[in-house]
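Novice: Can you read through this structure? Questions will come right after.
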Amino acid sequence: MSKADKKLVIFSDIDVEKALKNALQKTRPDIIGEVRDSGLKGRGGAGFPTAVKWNLAAAAQGERKFVICNADEGEPGTFKDRVLLTDYAEQLVAGMVLAAYAVGAKDGIIYLRAEYTYLKKDLEATIEKMRGKKMLGKKILGKEGFDFDVHIHMGSGAYICGEETALIESLEGHRGEPRNRPPFPVTVGYLGCPSSVNNVETFITALHIVEKGAKWFKTFGTEKSTGTKLFSISGDCEKPGVYELPMGITIKKLLETVGGEDAKAVQVGGASGTCVPRKDFERVIAYEDVATGGSIIVFGPHRDMLEVAINFMEFFCEESCGQCTPCRLGTETLLEGLDMLDEGRCSLKYLRELCALGETMQLSSKCGLGQSAPNAFLSIIENFKSEIFDTRCSCR
Amino acid sequence: MPNKDNNTKFGPDRAPASSVVASVEVAKNEKELGAMIAVNIDGNEIKVPFGTTILDAAKKLNIRIPTLCHHEDLHVAGVCRVCVVEVEGQRTLQAACAYPITSPMTIKTYSPKVRKARRHNLDLMLKHHVGECYSCFRNNNCELQSLSKEYGVDFYRFGHDSEPHHEIDRSSYSVVRDMNKCIQCRRCVRTCIDLQEVGVLEAVNRGPDLDIATFADMPLGEVVCINCGQCINRCPTGALRANDPSDEIWAAIDDPKKHVVIQTAPSPRAAIGECFGLPAGTSVTRELNTAMRRCGFDKVFDTNFTADLTIMEEATELLIRLKKALVDKEQVAFPQFTSCSPGWVKFLEHFYPEYTDCLSSCKSPQQMFGSIIKTWYAEKAGIDPKDIVTVALMPCSAKKFECNRPEMQDSGYKDVDYGLTSRELAQMIQEVGLDLPNLPPSDFDDPIGEATGAGLIFGATGGVMEAALRTAVEIVTGIKTEKVFENLDIIPVRGFEGVKYMEIKVPAAGPVPPILSKALGGLKDFSFLNGATLKVAVAHGTANAKKVMEDIKAGGKFSECHFIEFMACPGGCLGGGGQPIPTSPEIRAARTKAIYAEEKTLYARKSHENPTVDLIYKEFLKDGPCGHKSHKLLHTHYIKRGNKIV
Ligand SMILES: Cc1cc2nc3c(=O)[nH]c(=O)nc-3n(C[C@H](O)[C@H](O)[C@H](O)COP(=O)(O)O)c2cc1C
Ligand code: SF4
Ligand code: SF4
Ligand code: SF4
Ligand code: SF4
Ligand code: FES
């Protein structure tokens, strides 16, 4: 793993205690203002502006407020949060303290992916250490009236629990199923209280921004996608691992960095992302073009793209919470269609019907899972239709 | 609205429900609360209060948005996705039932995207929907069917299962579950968990494997289901239905050796017209009598008679308890709970078994009638009770379970042979080809067709309490009840508030009437109650019942009550699980109005003024209310079931 190859933002050095101390000198609006000026967008995948979220949570009425760290990292091909949780836990917790200060929360929760149970002990030790250093607890770093503490809640092993409202349902002890939105968690969240749910990387990035300035952060990235981002790179390349790269990098450049120049396609954004074929490798990874929560999967020339599509769709069939019609039955129907394609039994007409169904799923599913479940299907069919039909023609 | 009380958000101690919290966005500041927001729906402008859903805003404009998982009585789910609409500026379509309007917006309810999405979602639901409309009891009254027609479904776009994939669960006396027809809308789950707070139904598994199941997938007859049938009334399809005995009833009617008697509860007559296209709240009591005769029932009796009898017995039981407590200084269980709702009785047996002593030992009117028919009536009519078949027309699915309770055989036979719901009788009437609304009216049969208004109002929440008070007040005070309550209307116990409470100060003490003298151990008058404050309460829907029971457990104000009426169904029997589908707060209110209007037309409105009640105590139950014979025939006992599966 080449995580610290380059020290741009997230992997750059920081004195956590000093950073927090400095932050607590500032006013709450100043902190949110700095984050707003930086243009930071949520690193969990949806790309919602972090300052807007914090501002809404800060403005929301509520006796109690929560800051929740989404460490459920379940997107296939994503493992960057694991690196952060392992080696940068102190920064994460400090980022949560910062957020808590900004929104006025007293309680923090880290929702930790069930598969990361082995990290729990170390995380708890970090939290304990920070309590000792007065970075958690009452009157944090001497700041009168600012109390905040963090505890860890283990996830339930379902991908859908990474969706923020399903995560909250799960925290409350219910079946992990997304809620109707609005209301959003920033107004009605955990236990009905305003809650800011953020990704691990978002908290850490915000800490660096507040310490080192929005201006500095914006020296990286593009106008609309500022800063750097962690990428979990896997698949058919020479140097898989976690990389910190500036936003706006072309896929081509990225492939050069990881030794995957001969790729025939790249899946950007995990199972729920899009499959970019070789002819589009000049496209850039950024919110305005191909967005991602960080997962990049490289497909070499020998890959069978239909198999790839089937694998992704099987994943969604397994992981759909089953609540809403388009996702519960759409995933199944698309998977059946892929199997028909595989067996050379799918007519072009039915394939068009399935693509239309994919659009319905994107438009009418209740949450991001169902809305993005057909993405890989649609992009693979669009870009590799002839490959698929050539290899599976019924007259073969 | 009966369920308003339940619409609170989940507290930490609530059972995990459907993943739905409040559907309405919390206003960000005081200014927004109460603000009016301008919306444009399909080109029509309207201003609606902050937080109104798109669905409700459209309703105000008379714009129909199709729904399937939405139900007025239940929490918003937003899962079927047939109500999706296009909101200008939003990437995805929004569920109209779940989307609160908090800022001005432009909405399209039938754009090409919307129509295609709705059609697709219907196509998907039909994939695994195994059922044929012509062999389905919901034919012509099915939301899935009518939506399919509305959206022009003329083929199975994404395929269709040819074989059923679930065994039909017929284990319950009351509810039949055919999950092959289930479309996973979860209305039943929300009904059982949120509305009734029983919680035997839940969503299990994920993705395409998601099913609606009972705890550990046990047969419904073996879990803590209270048989209320509220889930049936809210299921949009034929997946849930009551256990229909009409074949057996037809066989009995067609058997010349059998004397088939039907007793009719008050609520069906105020609702069954809905199955024949009449608006909710049209009473068809006397037309129904004709219809049942033409179907072939040998006698048509009025359950209200035994409702009157129940009042005599239950009021006497209450007075006995009061006397024991206040005069004899004995330990007696208080409050006394009504026992006429078998759904409530089973609820208590499961969840509050330590309170079975509080339940009145009186059987429900249905069961009292059963034992009276196979004893007193059989004797009077000179018919061998073994040849009598009693059918009970009820608004209720739990009555089917009740008549099958093994202890209900005090006449020496099964007291009531079949519980028949309003829906099932409507079907029988249709089968005979009768046009119910236009039949010539006729009366109930003697000798037990006579009933009072007090018996009639048993159908509405608060009705049993009102009937009991009309009698008890008069007996205890010796003053005519109409002198205490104007027009005999006891308003505080009426209406749809979830829990009602009332205090009555006893203004005077009358003499103990001769009929009660024995039951009250020769007591001369009611001076022991003079000046006392009688505290009563009424709760409908088991979620409200639970609130009262928890309060009693905690020693709150309801623990000081003397008498509490409980009904398992929201709205009381009028909203019972055997009533015509659909149900809504408006429909239940209309039925209630019909009953109270009809009761005004009756000459007697107090149970103890029913001449047949007088007669039966003179002729048959000679030792009076709560006497030896009535104890044998009209009273029962209960089972401490607990949460263990029975
Ligand atoms: C199906 C699904 C799974 C998700 N899983 C995760 C996850 O594992 N980690 C995460 O941070 N966000 C995940 N998200 C996004 C969250 O809903 C939410 O947007 C995010 O936690 C917000 O944090 P951010 O603003 O810092 O990105 C997921 C979303 C969906 C729809
Ligand atoms: S889109 Fe899928 S995961 Fe999301 S609520 Fe619907 S069924 Fe559940
Ligand atoms: S449930 Fe509805 S659609 Fe299904 S068979 Fe019955 S009537 Fe037809
Ligand atoms: S009959 Fe009542 S208790 Fe039984 S499953 Fe239906 S709603 Fe629940
Ligand atoms: S049984 Fe009926 S109410 Fe329950 S989920 Fe299925 S279709 Fe909906
Ligand atoms: S009616 Fe709105 S989603 Fe089902």
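Novice: Which residue, of A:G142, A:G137, A:G157, is at positive phi, more than 16 Å from ligand 4 (Cβ to nearest atom) and within 13 Å of chain B (Cβ to nearest Cβ)?
Specialist: So the residue among A:G142, A:G137, A:G157 that is at positive phi, more than 16 Å from ligand 4 (Cβ to nearest atom) and within 13 Å of chain B (Cβ to nearest Cβ) is A:G157.
Novice: Exactly one condition in (1) part of a loop (DSSP other than H, G, I, E, B); (2) crowded, with 22+ Cβ neighbours inside 10 Å; (3) at pLDDT 65 or above; (4) within 14 Å of chain A (Cβ to nearest Cβ) is false for B:S19; which is it?
Specialist: The number of the failed condition is (3).
Novice: Still on this structure, I have one more. Do you know which residues across the range B:115-129 are in contact with a Lys or Arg (Cβ under 7 Å, 6 or more places away or on another chain) and more than 9 Å from chain A (Cβ to nearest Cβ)?
Specialist: Hit for the range B:115-129 is B:H129, nothing else.
Novice: What helices (runs of 4 or more DSSP H) completely inside the range A:1-118 contain at least 2 residues that are over 24 Å from A:A286 (Cβ atoms) and of a type in the set (A, V, I, L, M)?
Specialist: Output list reads A:16-25, A:50-59, A:89-103.
Novice: Of a type outside the set (V, I, T) and either within 16 Å of ligand 2 (Cβ to nearest atom) or not assigned by TED's automatic domain parsing to the domain that holds B:I37 (or both), is that true of B:R64?
Specialist: Taking the combined requirement at face value, the residue does not satisfy it.
Novice: A follow-up question, please. Taking the range B:238-251, which residues are surrounded by fewer than 23 Cβ atoms within 10 Å (Cβ to Cβ) and away from ligand 5 (no atom under 16 Å from the Cβ)?
Specialist: If the condition is that a residue be surrounded by fewer than 23 Cβ atoms within 10 Å (Cβ to Cβ) and away from ligand 5 (no atom under 16 Å from the Cβ), then B:D244, B:P245, B:S246, B:D247, B:E248, B:W250, B:A251 are the ones that fit.
Novice: What pairs come up if the first residue lies in the range A:276-288 and is aliphatic (A, V, I, L, M), the second is part of a helix (DSSP H, G or I), and their beta carbons are under 7 Å apart, counting only those six or more places apart or on different chains?
Specialist: A:V276/A:I251; A:I285/A:I251; A:I285/A:L254
Novice: Same structure, new question: When only residues in the range A:293-324 that are in contact (Cβ under 8 Å) with a residue 24 or more places away in the chain and of a type in the set (S, T, N, Q) count, which is farthest from ligand 4 (Cβ to nearest atom)?
Specialist: So the residue we want is A:S295.
Novice: If a residue has to be under 27 Å from B:I226 (Cβ atoms) and either charged (D, E, K, R) or assigned to a loop (DSSP other than H, G, I, E, B) (or both) to count, how many in the range B:375-414 make the cut?
Specialist: Matching residues across the range B:375-414 total 16.
Novice: Related question: Can you go through B:G419, B:G462, B:G412, B:G453 and tell me which one is surrounded by fewer than 20 Cβ atoms within 10 Å (Cβ to Cβ) and of a type in the set (G, A, S)?
Specialist: Of B:G419, B:G462, B:G412, B:G453, the one residue that is surrounded by fewer than 20 Cβ atoms within 10 Å (Cβ to Cβ) and of a type in the set (G, A, S) is B:G412.
Novice: Considering each residue of the range B:252-288, count those that are more than 19 Å from B:Y377 (Cα to Cα) and in contact (Cβ under 8 Å) with a residue 12 or more places away in the chain, and give that number.
Specialist: Matching residues across the range B:252-288 total 24.
Novice: Among the residues in the range A:219-230, are any within 14 Å of another protein chain (Cβ to nearest Cβ), touching a Gly at 6+ places or on another chain (Cβ under 6 Å) and either aliphatic (A, V, I, L, M) or part of a loop (DSSP other than H, G, I, E, B) (or both)?
Specialist: no
Novice: Quick check: is even one residue across the range B:571-586 within 24 Å of B:A460 (Cα to Cα) and among the charged types (D, E, K, R)?
Specialist: Yes: the range B:571-586 contains one or more residues that are within 24 Å of B:A460 (Cα to Cα) and among the charged types (D, E, K, R).
Novice: In the range B:305-317, is there at least one residue being crowded, with 20+ Cβ neighbours inside 10 Å and in a loop (DSSP other than H, G, I, E, B)?
Specialist: no
Novice: Here's another thing I want to ask about it. Can you find a residue that is among the polar types (S, T, N, Q) and either touching a strand residue (DSSP E or B) at 6+ places or on another chain (Cβ under 7 Å) or touching a residue at least 40 places away in the same chain (Cβ under 8 Å) (or both) anywhere in the range B:92-100?
Specialist: Within the range B:92-100 (the criterion being among the polar types (S, T, N, Q) and either touching a strand residue (DSSP E or B) at 6+ places or on another chain (Cβ under 7 Å) or touching a residue at least 40 places away in the same chain (Cβ under 8 Å) (or both)), the answer is yes, since at least one residue qualifies.
Novice: Working only within the range A:51-77, note down all residues that are modelled with pLDDT under 95, acidic (D, E) and either away from ligand 1 (no atom under 11 Å from the Cβ) or out of contact with any strand residue (DSSP E or B) (no Cβ under 8 Å at 6 or more places or on another chain) (or both).
Specialist: A:E63
Novice: Would you list the helices (runs of 4 or more DSSP H) that sit entirely within the range B:559-635 and hold 1 or more residues that are over 30 Å from B:R241 (Cα atoms) and in contact with an Asp or Glu (Cβ under 8 Å, 6 or more places away or on another chain)?
Specialist: Of the helices (runs of 4 or more DSSP H) lying wholly inside the range B:559-635, those with at least 1 residues that are over 30 Å from B:R241 (Cα atoms) and in contact with an Asp or Glu (Cβ under 8 Å, 6 or more places away or on another chain) span B:611-619, B:628-634.
Novice: To continue, here is another question. Take the range B:51-81 and flag every residue that is within 13 Å of ligand 5 (Cβ to nearest atom) and facing chain A (nearest Cβ under 10 Å).
Specialist: Correct list: B:L68, B:C69, B:A77, B:V79, B:C80.
Novice: Looking at the range B:62-81, is at least one residue buried (at least 24 other Cβ atoms within 10 Å of the Cβ) and closer than 19 Å to A:E359 by Cβ?
Specialist: Within the range B:62-81, one or more residues are buried (at least 24 other Cβ atoms within 10 Å of the Cβ) and closer than 19 Å to A:E359 by Cβ.
Novice: Here's another thing I want to ask about it. Restricting attention to the range B:608-623, and to residues there that are in contact with a Ser or Thr (Cβ under 9 Å, 6 or more places away or on another chain) and modelled with pLDDT under 95, which single residue is surrounded by the fewest Cβ atoms within 10 Å (Cβ to Cβ)?
Specialist: B:D623
Novice: Note down all Cβ pairs under 8 Å where the first residue falls in the range B:177-191 and is away from chain A (no Cβ under 12 Å), the second is more than 12 Å from ligand 3 (Cβ to nearest atom) and acidic (D, E), and they're at least six residues apart or on different chains.
Specialist: Hits for this filter: B:R177/B:D169; B:D178/B:D169; B:M179/B:D169; B:M179/B:D211; B:C182/B:D211; B:T191/B:D73.
Novice: Can you pull out the residues in the range B:194-213 that are more than 8 Å from ligand 4 (Cβ to nearest atom) and at negative phi?
Specialist: Within the range B:194-213, B:D194, B:E202, B:A203, B:V204, B:R206, B:P208, B:D209, B:L210, B:D211, B:I212, B:A213 meet the criteria.
Novice: Right, next: Can you tell me how many residues within the range A:185-206 are surrounded by fewer than 24 Cβ atoms within 10 Å (Cβ to Cβ) and within 8 Å of chain B (Cβ to nearest Cβ)?
Specialist: 3
Novice: Follow-up. Which one of these does B:V39 not meet: (1) away from ligand 6 (no atom under 14 Å from the Cβ); (2) outside any loop (DSSP other than H, G, I, E, B); (3) within 14 Å of another protein chain (Cβ to nearest Cβ); (4) surrounded by 20 or more Cβ atoms within 10 Å (Cβ to Cβ)?
Specialist: (3)
The values are calculated or read from the model by the stated rules, or taken from the named source; none is laboratory data. Here the structure is a predicted model, which is why all the values come from computation and not from measurement. Positions of Cβ are backbone-derived with ideal geometry, glycine not excepted, and every protein chain shown enters the neighbour counts.
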